[in-house]
Amino acid sequence: MKTNSKQGRLSLFVLFLSGYFSITSLSLAQDEERLEIRNLHFGETLYHFYQKQYFTAISDLLVAQKKHPIQTQGENPNLLLGGLYLSYNMTQRAGNIFTSLTQKDISKRLQSSAWYYLARIAYQNSELEKANLAVNKIGVHLPFRYNDELQHLQGNILLKQKNYKDAIKILSQYSDSTDWSHYTKFNLAIALIMADENEKGTELLEEVAELDAQDIEQIALRDKANLALGYAALKAKDNETAADYFRQIRLSGSQSNKALLGIGWAFHKEGKLKRSLVPWVELKNRSSKDPAVQEALLTIPHALEGLNAKEQALAYYNDAINSYNKELATLKSVINSVKQGEFIKSLRVLHLHQQKENHLHFTTLPDSTATPYLQSLIAGQEFQSILKNYRDLLYMKNILTHWNNQIPSYRLMLNEREKAYDSRIPKISAFMKNTQQTKLLNRYRKLKSRLEAIEKNHVVFALASEQEMNLLNKLSKIKKLLDKVPPGQLEEQHDQYRLFKGILYWQVATDYTPRYWQVKKRLLEIEKAFSKLEKKKTSSLTTLVKTPEYFKDFANNINNKQRKIKNLNQQISNVIKYQESLINRIAIDELTKQKHLIENYHIRASYSLTRLYDSLAVVEKK
Amino acid sequence: MNYKTIFISFLLAFALVALGLAGQVRAEQQNNKLSALGNKVEELKKEILELNRDLFILEEELLFPANTQFTVFLSMDKGQLFTLDSVQIRLNDKIVANHLYTEQELKALLRGGVQRVYMGNLPSGRHELIAYFNGVGPKGRDFKRGTTIALEKSSSPKFVELKITDDTSKQQPKFNVKVWE
């Protein structure tokens with residue numbers, strides 16, 4: 001099968017998977033490598049980051065940067081912060097960080113990663129030239145795990161630039177062994193078809209269409225490929241092949257209604273009008289809100305007319321008109337309720353039920369009358385991005401409310417501290433005025449100078465114990481008695497006195513050094529105690545002087561923060577209001593578009609009905 | 001083709017062209033609005049994140065002054081020999097924290113994230129910290145283990161990291177405590 005019509009190629013081009021890249025958003029969060037944690041605060045940031053709690057993770061890292069700068073993880077904290085900003089839809093901040101990283105003298109691996117993220121940011125902002133420049137700077141040092149993502153990114157940039165030749169060159173390098181290969185193959189097929197290499201492109205698309213899908217995403221991709229091939233075959237008037245492709249699509253999936261409509265058209269174009277009725281009648285039983293169903297309401301009587309079953313066709317045209325009228329009335333009331341804020345209210349309720357801080361997508365649809373009409377709009381990348389910002393704003397408003405509620409308790413706490421401090425002032429003042437310390441210090445100084453004198457004059461008995469001093473006193477008394485006796489008498493007692501005094505002196509003198517050091521050590525301990533006391537006094541004095549200043553600063557800080565909360569709260573409320581009006585505008589535009597489409601069908605059905613009546617009247621006249 | 005058909009076809013064609021042109025102009029206006037709004041939202045996010053940071057610091061200084069601040073963190077290694085269900089922290093024989101882990105939290109720990117389990121105040125001096133770990137150990141058996149550490153708290157903040165690692169030689173999980181100043 002060849003897809004050679006220009007229109008067919010264009011319809012294929014819009015199918016290329018530009019969104020897949022940003023939806024999966026494989027940032028640092030999906031790195032397989034485990035970083036060595038050398039800083040607890042960095043680890044704590046990662047803990048929240050891995051749970052996709054980006055707001056908390058960024059806050060943690062900002063607190064750490066201000067209070068306990070992380071110096072042991074190299075440039076990883078900056079790379080992480082850039083990745084966090086990117087995940088939190090703050091592309092300007094992320095861009096600034098990655099740009100500054102590329103200018104630093106850091107490892108080539110980190111530099112390549114920074115260029116890679118810059119390329120992604122530029123692509124996200126549709127700055128394709130800038131994205132291309134960044135891609136060219138990445139070089140060969142990008143960690144291996146990014147290869148498939150990079151290839152997908154490069155391919156997408158070139159596809160958007162309509163540079164199909166280079167896109168084919170890049171995308172052709174895909175590896176079959178990775179999860180990305182099917183998506184890359186899909187985009188490569190589109191690039192080939194756009195570059196007029198229809199056969200090769202179709203072959204590849206057929207490979208995706210025959211994919212042995214392992215999960216829901218791959219099944220959706222397979223359906224998409226079959227749908228693309230089916231409509232391309234229809235445009236190329238290869239109706240049988242088109243029908244074969246449409247048959248491969250699930251009967252209940254996002255593409256199933258379009259596939260049923262396509263099968264019907266394939267049979268219709270082959271002239272098999274009866275067979276075309278089978279899928280279209282099946283469609284008629286499905287939700288009349290789906291555009292494929294609305295078209296089928298018109299194609300059924302059209303086919304019946306072709307079968308010359310004019311009476312039945314009349315009935316089906318009437319059915320279609322009734323259904324369109326009903327749908328138009330419903331749409332009118334839905335548009336009115338959206339205008340009155342019903343859709344926004346449902347989004348707010350949905351946000352209240354969202355427990356997690358952050359999601360890449362809204363997984364639950366809002367409970368609103370507009371939702372059935374807006375499903376594809378809600379699933380679209382652009383609207384998801386608007387919703388993500390809206391949810392972030394509501395989350396931040398909650399954060400501000402939380403802090404605002406905390407402020408009174410901080411004030412209370414500060415007041416309590418002030419009171420406690422005031423009650424301690426008399427005690428501190430008494431401590432400061434205490435004269436006992438001076439007396440003790442004088443005693444210490446006297447003892448110190450006495451020890452110095454003992455050491456200088458080597459007064460051995462000055463360090464004698466109490467018992468030794470008693471003995472020395474007794475010996476002195478004995479000496480006095482002996483001195484009263486005339487010389488030559490009591491010689492033996494004299495000798496005994498000398499012997500005892502010598503023994504006592506010997507005892508004290510041999511123990512002098514350890515005794516001296518013992519005393520000196522004790523004096524040093526006293527000196528340390530005095531110094532500690534002095535420090536405490538100084539610190540108490542500082543506290544006494546500084547604490548009121550500290551309380552004042554703290555109170556000012558709390559007041560400033562409260563003012564800031566109030567100001568930001570006002571700003572955020574305005575932006576939320578603006579964001580809500582934008583969401584409403586987009587929703588109303590989409591609903592109006594659908595209304596116009598149904599009005600168009602209505603006109604066509606009414607015209608056909610008139611025409612059919614006219615022809616029946618002519619037959620009756622004849 | 002009668003005059004009615006021609007008239008309706010003309011009307012239809014005109015309506016479609018008009019709708020298409022109006023749609024294009026509106027899409028451009030909308031893109032400009034979106035871009036301006038995106039910038040405003042980013043600026044607000046930046047300001048709120050900075051305020052949030054300052055308020056966190058203010059709260060920490062008020063509730064947990066540096067001289068008494070005491071924080072317990074928990075980290076995990078490969079986790080092949082132990083799946084953590086819950087942890088309880090006792091300080092001086094008083095329960096100060098209990099945490100039951102979700103699958104997402106466990107995954108974050110296994111990938112290298114570090115959880116702050118407890119933050120409080122402790123006066124200077126000696127203290128005892130006991131951590132009880134509950135979970136599933138080797139061979140899918142229930143596993144309970146406690147680890148005790150005697151701490152000397154000075155007048156600067158103290159950080160304690162409870163580390164759960166795999167002791168492959170003994171085929172048992174290991175519960176270590178690391179004190180960071």
Q. What is the calculated FRET efficiency for A:Lys532 to A:Asp422, with r their C-beta to C-beta distance and R₀ = 30 Å, to the nearest 0.05?
A. 0.70
Q | Set of lysines with alpha-carbon distance to A:Lys345 below 17 Å, sequence-local pairs under 8 removed | A | A:Lys388, A:Lys397, A:Lys577
Q. Across peptide B:32-43, how many C-beta atoms of other chains are within 10 Å of each residue C-beta, on average?
A. 5
Q: Give, rounded to the nearest 20 debye, the magnitude of the charge dipole that the range A:488-606 has about its Cα centre when Lys and Arg contribute +1 at Cβ and Asp and Glu contribute -1 at Cβ.
A: 720
Q. Which one of A:Asn325, A:Leu283, A:Leu251 has its Cα pushed farthest toward the positive end of the charge dipole of chain A, where Lys and Arg give +1 and Asp and Glu give -1 at the Cβ?
A. A:Asn325
**Q.** Reachable lysines, given that their alpha-carbon falls under 22 Å from the alpha-carbon of A:Lys456 and they are not under 8 places away in the same chain
**A.** A:Lys446, A:Lys448, A:Lys520, A:Lys521
(Q) Suppose only helical runs count, i.e. DSSP H with n ≥ 4. What mean residue ellipticity at 222 nm does that imply for the protein assembly as shown under -39500 (n - 2.57) per run, divided by all residues and rounded to the nearest 500 deg cm²/dmol? (A) -24000 deg cm²/dmol
(Q) In chain A, once you exclude exposed GluC sites (Glu not before Pro) (DSSP loop, at most 12 other Cβ within 10 angstrom), what's the longest stretch remaining? (A) A:211-622
Q | For residues of A:301-313, the mean tally of beta carbons on other chains within 10 Å | A | 0
Q | For residues of B:55-66, the mean tally of beta carbons on other chains within 10 Å | A | 5
Q: Determine, for the range A:34-142, the count of lysine pairs separated by eight or more sequence positions (or lying on different chains) whose alpha-carbon distance falls under 25 Å.
A: 8
Q: Determine the relative contact order of the range B:61-139: mean sequence separation of Cα pairs under 8 Å and six or more apart, normalised by residue count, in whole percent.
A: 48
Q) Among the aspartates and glutamates, which fall within straight-line cross-link reach of A:Lys169, defined as a Cα-Cα distance under 15 Å, with same-chain neighbours fewer than 8 residues apart omitted? A) A:Asp148, A:Asp196, A:Glu197
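Each value in this text was obtained by applying a stated rule to the coordinates, not by laboratory testing. Computed from a predicted structure; not experimentally measured. All Cβ positions, glycine included, derive from the backbone under ideal geometry; neighbour counts span all protein chains shown.
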